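Q: Just dropping this structure here.
All of the numbers you see were taken from the coordinates with simple rules; none came from a lab. Model, not experiment: these values are computed from the prediction. Positions of Cβ are backbone-derived with ideal geometry, glycine not excepted, and every protein chain shown enters the neighbour counts.
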Amino acid sequence: MRIQEISVSGLFGIFDHVIPLNMDERITIIHGPNGFGKTAILRILNSFFNSRYSELRTIPFQKFRVEFDDTSSVEIIKNINKVEDSEKNNIILNLYKNDQEPISFDIKPIKIHRDTDLQLSILDKVIPGLERIAARKWLYDSTGETLSLEEVLERFDHVLPSKLRSQEEPQWLRKLKSSIYIRLIESQRLLNFIPNASFKMYRGTPVILSTVSAYSDELAKLMQDKFKEYGTVSQSLDRTFPVRVVKQQPSVDLTDEQLRHQLNELEATRSRLIEVGLLDKDEDSEFQIQPQDIDESTKNALSVYVEDVERKLSVFAEIASKIDLLRKIINKKFAYSYKKINFSKEKGFVITTSYESPSSNSKTLSPTDLSSGEQHELVLLYELLFKVQQNSLVLIDEPELSLHVGWQIQFLKDLQEITKLANLDILMATHSPDIIQDRWDLTVELKGPEK
């Protein structure tokens with residue numbers, strides 16, 4: 001299921017906006033003057049689908065509607081017909097499906113009971129990645145957010161003991177949210193909160209790491225995991241290889257020419273995997289069988305061998321495509337500053353410079369040595385390729401931050417390549433005509449009320 005239109009009424013008590021999403025090219029750009037609600041719209045959408053109701057309550061609007069490509073829709077209504085102070089922050093959700101009567105759910109604010117303080121110590125135990133950093137504040141390591149008690153209780157309501165639970169979301173709402181994955185890439189994306197075991201007993205302040213360094217470490221781990229998976233598959237196939245060769249029927253249909261072509265293709269694939277850092281140069285040198293070694297006595301064994309190697313290397317297919325695209329886009333942009341990015345299983349991002357400096361002999365740079373614009377670009381592209389699952393709607397706030405005009409001009413073309421590879425929908429908010437270029441057909445302008 002995909003979102004095909006969103007609309008908001010009474011945003012900041014002023015604005016009404018309707019935003020149809022581009023379903024064919026899968027990129028929609030919203031633009032308009034400061035203060036018209038571009039970021040607020042992204043935050044409302046993200047807050048609702050990720051059950052961040054406490055954040056939803058902080059954004060002033062009256063009604064928000066999301067329409068899906070199966071003709072159903074959901075409506076979020078705030079402060080309607082509520083007169084009592086205790087009810088003023090209620091949120092009403094209405095699901096409309098076909099010609100059926102709407103289904104409603106009333107999300108009431110969390111009420112903290114007197115005995116709640118006695119239960120706070122169990123929050124860290126029942127919620128993975130949650131760590132208490134103050135009397136009523138927690139750090140959620142997965143996102144780097146600092147959450148209040150109310151936010152913790154609201155967000156993780158479904159895993160809390162009954163004494164701490166507020167309301168359970170109805171099945172229709174859980175099903176709806178599980179069918180649409182939303183990720184917000186915010187304008188502040190260069191700092192990352194991380195867990196640090198050495199600070200476990202003295203966690204007064206969250207540990208902060210540059211996002212580009214965190215993602216470098218994360219990519220190294222992803223590459224290592226894939227290499228381990230490759231090793232497991234290889235061991236399994238190698239163990240049964242002799243038996244399968246003996247049982248294999250003669251490959252009468254496979255010509256010498258076809259077999260040579262397959263071997264050349266495997267060697268080309270192996271070379272690409274070495275280039276992106278997933279295989280070492282001396283790894284599995286047996287791949288390099290020479291085509292001239294093929295004769296009738298070896299053809300049968302080689303056909304099994306080819307199938308095995310294809311299965312081994314297929315483990316890397318998805319991550320290799322993503323690394324290759326990231327490398328291609330980034331190196332085009334880094335070339336102007338004499339930098340180049342490669343990747344390794346040990347370090348993740350490997351950044352080098354070709355500039356000869358009289359003050360330094362080092363040609364290797366740390367990810368944090370990159371300029372803010374270079375870090376913004378690397379972090380944004382990494383998130384799109386590696387941190388978002390397929391068929392997601394990705395919300396990008398101000399992609400132009402810290403990017404010079406040349407990079408902004410190229411951004412939309414890069415984004416189109418990524419959406420095809422990663423199978424994503426994009427909704428982004430920008431002030432930059434250089435991002436849009438001549439693609440005004442992808443844009444929706446936010447306008448003020450008629451005077």
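Q: Where nothing but the Cβ of Lys and Arg (+1) and of Asp and Glu (-1) is charged, how large is the charge dipole of region 335-433 around its Cα centre, in debye to the nearest 20?
A: The calculated dipole for region 335-433 is roughly 400 debye.
Q: List the residues of region 372-394 whose backbone N lies under 11 Å from a point placed 7 Å from the Cα of residue 2 along the Cα-to-Cβ direction.
A: 391-393
Q: Using only alpha-carbon positions, what ratio does the radius of gyration of region 336-451 give when scaled by 2.2 N^0.38 Å?
A: Ratio of Rg to 2.2 N^0.38 Å for region 336-451: 1.30.
Q: Checking the table 137/226; 175/387; 63/97 against a 30 Å threshold on Cα-Cα, which pairs fail?
A: Among 137/226; 175/387; 63/97, the Cα-Cα distance tops 30 Å for 137/226.
Q: For the ranges 386-398, 176-188, what's the packing order if you count other beta-carbon atoms within 10 Å of each residue, average per peptide, and put the highest first? All intermediate terms of the calculation are to be shown ahead of the outcome.
A: Values: 386-398: 18.1, 176-188: 16.0.
Packing proxy ranking, top to bottom: 386-398, 176-188.
Q: How do 62-74, 41-53 rank on mean C-beta neighbours within 10 Å, highest first?
A: In descending order of packing, they fall as 41-53, 62-74.
Q: Oh, and also: To make sure I understand the rule: partners must be lysines, Cα under 22 Å from the Cα of residue 363, and not fewer than 8 residues away in the same chain. Which ones qualify?
A: Once the sequence-local lysines are set aside, what remains near residue 363 is 281, 328, 332, 333, 339, 340, 345, 347.
Q: Let me ask another. Need the C-alpha centroid separation for region 209-240 versus region 1-76, integer Å.
A: Using only Cα atoms to place each centre, the spacing works out to 38 Å.
Q: If you don't mind, another one. Whole-Hz ³J(HN,Hα) for each residue in region 214-221, computed from phi via Karplus 6.51 cos²θ - 1.76 cosθ + 1.60 with θ = phi - 60°, x for glycine and proline: what do you get?
A: Karplus values, whole Hz, x for Gly and Pro: 4, 6, 4, 5, 5, 5, 4, 5.
Q: If packing is taken as the average count of other Cβ atoms within 10 Å, what order do 422-430, 215-223 fall into, highest mean first?
A: Top to bottom by mean Cβ count within 10 Å: 422-430, 215-223.
Q: Take residue 245 and residue 178, extend 7 Å from each Cα along the Cα→Cβ direction, and tell me the distance between the two endpoints in nm.
A: For residue 245 paired with residue 178, the spin-label model returns 4.8 nm.
Q: Now a separate question. In Å and whole numbers, how far do the C-alpha atoms of region 303-378 stretch along each principal axis, longest first?
A: The Cα atoms of region 303-378 stretch 56, 25, 19 Å along their principal axes.
Q: Let me ask you something else. Once a ≥ b ≥ c are taken as the square roots of the eigenvalues of the Cα gyration tensor of region 1-78, is the result rounded (a/c under 1.5), prolate (a/b larger than b/c) or oblate (a/b not larger than b/c)?
A: oblate
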